[in-house]
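The values are calculated or read from the model by the stated rules, or taken from the named source; none is laboratory data. All values derive from a computational prediction rather than experimental measurement. Glycine also receives a Cβ, built like all others from the backbone with ideal geometry; neighbour counts cover every protein chain displayed. Only protein heavy atoms, including side chains, enter the accessible area calculation; ligands, DNA and RNA are left aside. Shrake-Rupley method; radii C 1.70, N 1.55, O 1.52, S 1.80 Å.
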Amino acid sequence: MQKQSSHFMWLTVKLSHSVSTSNAPGLQIWRIENMDLKPVPKNLYGNFYTGDAYLLLYTTTAPSYYIHMWMGNECSQDESGAAAIFATQLDDFLGGGPVQFREVQNNESLTFLGYFKSGIKYKQGGVASGFHHVLTNDVDVKRLLHIKGRRAIRATEVEMSWSSFNKGDCFIVDLGKEIYQWCGSDCNRFERLKASQLAIDIRDNERNGRAKLIMVEDGAEPDALTKVLGPKSSITPAAPDNEEVETSNKKKAALYMISDASGSMKTSVVAQTSPFKQEMLSLDECYILDNGVDKNVFVWKGPNANTSERKAAMKAAEQFIKEKNYSSKTQIQVLPAGGETTLFKQFFSNWKDKDQTTGPTKAYTIGKIAHVEQIPFDASSLHNNKAMAAQHNMVDDGSGKVQIWRVEGGDRVPVDPSTYGQFFGGDCYLILYSYKQGSREQHIIYTWSSTQDELAASAFLTVQLDDSMGGAPVQVRVTQGQEPPHLMSLFKGKPMIIHSGGTSRKDGQTKTGSMRLFHIRQSSSRATRAVEVEPSASNLNTNDVFVLKSPDCVFVWKGAGASEEEMVAAKYVVSVLGRQSTDVVEGKEPAGFWSALGGKKEYQTSPTLQKMAKPPRLFGCSNKTGRLVVSEIPGDFTQSDLATDDVMLLDTWDQIFLWIGKEANEVEKRESPKIAKDYVDSDPSGRHGLPITTIKQGAEPPTFTGWFQAWDPNMWDTDPLERIRALHVVVLVSFICLFFTCVVCMFGHKKDLESYNSQSPLQREIFRF
């Protein structure tokens with residue numbers, strides 16, 4: 001027993017060292033393998049073997065920490081026990097301040113699901129079966145994934161057989177080089193869209209872009225599918241959704257005080273029903289908030305409580321669940337004082353936070369965590385340690401060699417290094433990053449785009465560049481607004497500037513407007529973006545900074561809730577524009593400012609944005625399963641989370657919005673206002689009488705759009721699913737056109753070497769192919 005304890009201590013020291021070697025925010029994942037910790041490669045994040053246990057650590061910029069233990073349905077007691085030991089010792093190393101979660105397959109918390117916006121994938125097997133996470137472009141895959149969920153996407157590996165299919169869901173047949181997305185005849189558009197996003201995630205991250213996506217409708221299966229699955233049999237009708245109905249916030253709870261969590265645990269009732277008062281929590285005690293009826297149990301640790309009780313908090317919650325005969329799937333959150341989650345605080349009618357947040361979705365500075373000494377990020381240490389490189393979001397600090405090309409006419413055109421960090425919405429870019437790992441040079445190719453223009457050529461050029469380097473580079477496809485932290489680090493602390501439309505090339509098709517407005521916001525990972533938006537006062541936001549350029553002057557407008565980091569970024573944008581600026585404080589704007597914007601208009605001025613003690617929450621109201629279900633969007637929500645065939649509920653704490661999608665059915669439209677009222681009336685915090693505003697898709701006021709950065713009023717002009725389908729057609733047609741153009745040209749001048757040399761590299765490559 002002593003030998004085993006020493007083993008765990010040694011492993012925890014190793015884990016703690018890897019945690020402390022980087023102060024960069026982000027997610028780290030380890031799998032429990034033979035009582036050891038093995039880092040999961042970053043490009044496989046979101047893949048979980050059902051026979052294993054995992055440990056996750058999410059670090060915020062504060063820094064604050066979230067520890068998650070994830071257990072598959074088939075994982076052994078030894079593995080789950082090891083995960084609990086590592087989680088406890090890691091919590092102890094980090095000063096007892098992290099928020100701890102126990103996660104169980106198919107019943108993960110929204111916090112956990114928010115880390116994987118493209119969805120999570122359950123894979124059969126585990127360590128005992130010889131399955132391992134490996135970095136590879138594996139083309140020998142043969143698996144069938146069943147896609148479930150409209151908000152939180154889960155893909156479960158099932159038997160490769162027609163008997164696994166049903167008409168109401170989407171399935172992915174993954175054959176390595178080809179990835180087929182099969183859509184049941186009763187599957188709706190939004191579910192198809194979410195399944196497409198997951199299929200793209202598999203292609204981009206697990207295959208490094210080297211796979212073809214094929215969308216298949218029920219009844220139109222190609223021969224390749226029947227060859228793998230056999231002759232098609234009758235497909236099972238749509239199965240009823242087994243998700244529980246959420247008609248409001250989690251609202252039923254009781255509060256208990258733990259008298260001795262270290263020995264034979266005893267609990268005494270503090271309050272039988274919510275809402276509670278914050279003063280019921282003594283700093284000298286530990287408490288259990290029992291929301292077991294909704295499969296949630298919280299343990300709150302007072303900062304002055306007995307040390308042994310604090311360390312045994314997770315064990316106390318597990319014992320409590322057994323005594324209450326609650327489901328083994330019950331989620332557990334262990335919270336230090338100051339690190340309370342929104343779900344916990346909602347049960348208190350008078351909860352007050354103190355200096356714990358700086359803006360939307362930005363994490364709390366909690367307990368002792370802010371005082372943990374952070375060892376400076378050591379890029380050379382990461383280079384010499386492959387395990388550490390796999391554990392962190394960033395392979396280094398971004399100080400390597402950067403080369404950027406713009407895609408133009410099928411060629412790569414170098415971008416002026418002095419403009420690195422500036423991107424134009426009408427262009428596609430290739431970014432090659434090279435760095436040393438020991439004596440070897442490593443490479444990452446980022447492909448950045450915001451539109452379909454020249455996307456086919458960029459995909460081909462990426463593969464061409466990759467092949468020219470022996471296929472060694474890691475490929476990362478990036479869309480505007482979703483840039484990973486490492487890409488942002490390449491610009492040496494400068495904000496990323498996104499110019500609206502147009503192009504960065506000389507003699508571009510679109511000239512910049514005489515009036516330009518840039519929206520500047522810093523994300524929770526400290527990445528700052530300056531996105532050009534329509535120059536209208538309605539686009540202002542009290543929480544952010546804006547740069548307004550007119551023919552006569554440049555204004556830097558600072559909202560009441562903006563940060564100093566955003567102001568610094570604004571000054572850099574001004575320098576790029578090459579003008580002197582005038583600072584303008586919200587509420588003290590000169591007449592010339594409003595005149596330049598075409599007049600003063602209503603914009604987002606919610607005081608909640610400035611205080612942000614309680615982040616906004618977005619819910620979807622859908623009866624696609626036959627009954628009206630309300631489910632929360634996990635993680636940081638975006639405009640793309642608004643399902644056009646649903647009614648969405650946005651809770652900004654001091655008001656409620658009902659957003660009606662154009663394709664929402666009559667039942668959803670009729671019942672959703674009642675749900676919104678019930679949501680407020682039954683709120684465990686005791687809120688009541690909040691204004692409920694109903695708005696329709698396409699007519700959103702600034703008080704609603706202000707909760708989304710760089711709101712795009714044209715987003716729904718084209719159906720998102722059709723855009724994905726069109727993308728595959730664009731790639732194929734562009735390739736064919738380039739091929740025939742090259743062939744015609746070459747046969748016309750087959751003896752003319754000079755003509756051959758005059759062709760673009762892409763044309764020559766196609767001809768050789």
How much length is gained if the chain between K266 and Q319 is pulled fully straight, taking 0.36 nm per residue apart and subtracting their Cα-Cα distance, in nm to one decimal?
18.0 nm
Taking the radius of gyration and the Kirkwood hydrodynamic radius from Cα positions alone, what is the Rg/Rh ratio for region 143-229, to two decimal places?
0.92
Name the long-range amide H neighbours of C428: under 5 Å, sequence gap of 5 or more, or other chain; modelled H, no Pro or chain starts.
V407
Could you work out how much longer the chain between N306 and K177 gets when fully extended? Use 0.36 nm per residue separation minus the Cα distance between them, nm to one decimal.
40.8 nm
For region 610-706, which whole-number percentage of the solvent-accessible area (1.4 Å probe, protein heavy atoms only) is attributable to carbon and sulfur atoms?
53 percent
Convert each backbone phi in region 90-107 into a coupling constant with the Karplus relation 6.51 cos²θ - 1.76 cosθ + 1.60 (shift: θ = phi - 60°), then list the ³J(HN,Hα) values in order as whole Hz, x for Gly and Pro.
5, 4, 5, 4, 8, x, x, x, x, 7, 10, 10, 9, 10, 10, 3, 6, 9
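For a Förster distance of 51 Å, can you work out the FRET efficiency between the beta-carbons of Q697 and E441, rounded to the nearest 0.05?
Numbers: r = 50 Å, r/R0 = 0.98.
With a Förster radius of 51 Å, E is 0.55.
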Once amide hydrogens are built 1.01 Å from N within the peptide plane, the residues lying 5 or more places from K696 or on another chain with amide H under 5 Å from its amide H are I660
How big is the shadow of the Cα convex hull of region 626-683, averaged over all directions, in nm²?
4.4 nm²
Among Y58, Y45, what's the order by accessible area (1.4 angstrom probe), most exposed first?
Y58, Y45
Hey, for a label at S185 modelled as a point 7 Å past Cα toward Cβ, could you say which residues of region 195-234 have their backbone N under 11 Å away?
218-220
Pulled fully out, how much extra length does the chain show between W716 and S468, if you take 0.36 nm times their separation in residues and subtract their Cα-Cα distance?
85.4 nm
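If you take the alpha carbon radius of gyration of region 610-706 and divide it by 2.2 N^0.38 Å, what ratio comes out, to two decimals?
1.03
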Could you state the number of Å between the C-alpha centres of region 142-164 and region 658-711?
32 Å
Which residues qualify? For I633, with a placed amide H closer than 5 Å and at least 5 residues away or on another chain, they are L618, F619, G620
Let me know the whole percent of all Cα-Cα pairs from region 246-346 that are separated by more than 18 Å.
41 percent
Where the Cα atoms of region 516-604 are projected onto their three principal axes, how long is each span, largest first, in whole Å?
35, 29, 21
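Structure shown: which of K38/K315; K42/K315; K121/K315; K252/K677 lie over 20 Å apart, alpha-carbon to alpha-carbon?
Table pairs above 20 Å Cα-Cα are K38/K315; K42/K315; K121/K315.
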Simple spin-label estimate for D681/S640, 7 Å along Cα→Cβ, in nm, reads 3.8 nm
Mean Cβ neighbour count within 10 Å, used as a protection proxy, ranking 319-331, 172-184 highest first:
172-184, 319-331
Apply 1/(1 + (r/R0)^6) to the Cβ-Cβ distance of S161 and S328, taking R0 = 22 Å, and write down the FRET efficiency to the nearest 0.05.
0.15
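Suppose we keep just the DSSP beta bridges with both residues in region 246-346; what percent of those would be antiparallel, to 5?
On the way: 15 of 21 bridges.
That works out to approximately 70 percent antiparallel.
Give me the percent of DSSP beta bridges within region 143-229 that run antiparallel, rounded to the nearest 5. Don't jump to the answer; show the numbers that get you there.
Numbers: 15 of 21 bridges.
Of the beta bridges lying entirely in region 143-229, close to 70 percent run antiparallel.
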Starting at the first residue of region 636-651, write each ³J(HN,Hα) from the Karplus equation 6.51 cos²θ - 1.76 cosθ + 1.60 with θ = phi - 60°, in whole Hz, x for Gly and Pro.
6, 7, 10, 4, 5, 7, 6, 7, 5, 9, 9, 9, 10, 10, 10, 9
By what distance, in whole Å, do the Cα atoms of region 83-132 stretch along each of the three principal axes, largest value first?
36, 28, 15
Assuming R0 = 22 Å, can you tell me the calculated FRET efficiency for the pair S282 and N107, based on Cβ-Cβ distance, to the nearest 0.05?
0.10
